[in-house]
Amino acid sequence: MAHTPTILGWIKKYDIKSILNAPGGSRGDEESLKEAGATMVLSIDIGGGSPMTEDLCFWRPPEPYDALYTNCFYCTSNSSQTGNHETAAKNMASWPVKYIIIYDTKGFDWGPYFLESGWEILEREPQDFGTVLEIWGRAA
């Protein structure tokens, strides 16, 4: 299970009910997000493994969600044919969500792109090996 007690606690603390899981995780990941309080989880895959496969550099959700949860996206290839991590960070920062939850190793620094799009870090928890947990919210 990729979700830590911290992430599950944030879902409860921030009353997150709808989550974009991008890139999408396993069915078990969706279930653990729901056990923490989410009532709707939409998983978007980047490699063709789930029912919905999209290029996260250009795709936008058709409706608002409470949160975007992204796990191990910025430390690996994003599978886009035309975009890069910068393109993806700018795109994801424009999505109609209240929070962005990131569980990733800083192979690429998404922070400047989120900051310039009006986001701020609400909470951050460093992990082993340069991995971080962060929850971002819209700056006041």
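Observations
- If the condition is being within 14 Å of the chain's Cα centre (by Cα) and in a helix (DSSP H, G or I), then the stretch 114-140 contributes only 114.
- Test set (1) surrounded by 15 or more Cβ atoms within 10 Å (Cβ to Cβ); (2) assigned to a loop (DSSP other than H, G, I, E, B); (3) free of Cβ contacts under 8 Å to residues at least 60 places away in the same chain - residue 63 fails condition number: (1)
- Scanning the stretch 80-101 for residues that are open to solvent by 60 Å² or more (accessible area, probe 1.4 Å) and not in a helix (DSSP H, G or I) yields 81, 82, 84, 98.
- Test: residue in the stretch 72-79 that is open to solvent by 10 Å² or more (accessible area, probe 1.4 Å), β-branched (Val, Ile, Thr) and under 19 Å from residue 43 (Cβ atoms): yes
- Meets criteria (surrounded by fewer than 18 Cβ atoms within 10 Å (Cβ to Cβ), among the small types (Gly, Ala, Ser) and modelled with pLDDT under 90) for residue 28: yes
- Taken as a whole, the condition of being among the acidic types (Asp, Glu), open to solvent by less than 60 Å² (accessible area, probe 1.4 Å) and either out of contact with any helix residue (DSSP H, G or I) (no Cβ under 6 Å at 6 or more places or on another chain) or touching a residue at least 40 places away in the same chain (Cβ under 8 Å) (or both) applies to residue 104.
- Count of residues meeting criterion [among the hydrophobic types (A, V, I, L, M, F, W, C) and either modelled with pLDDT under 90 or over 15 Å from the mean Cα position of the chain (by Cα) (or both)] in the stretch 3-25: 1
- Among the residues making up the stretch 102-113, those that are outside any strand (DSSP E or B) and among the aromatic types (Phe, Trp, Tyr) are 108, 110, 113.
The values are calculated or read from the model by the stated rules, or taken from the named source; none is laboratory data. The structure displayed is predicted, hence computed values, not measured ones. Neighbour counts are summed over all protein chains in view; Cβ atoms, including those assigned to glycine, are modelled from backbone coordinates with ideal geometry. Note: areas computed on protein heavy atoms with side chains; ligands, DNA, RNA excluded. Shrake-Rupley method; radii C 1.70, N 1.55, O 1.52, S 1.80 Å.
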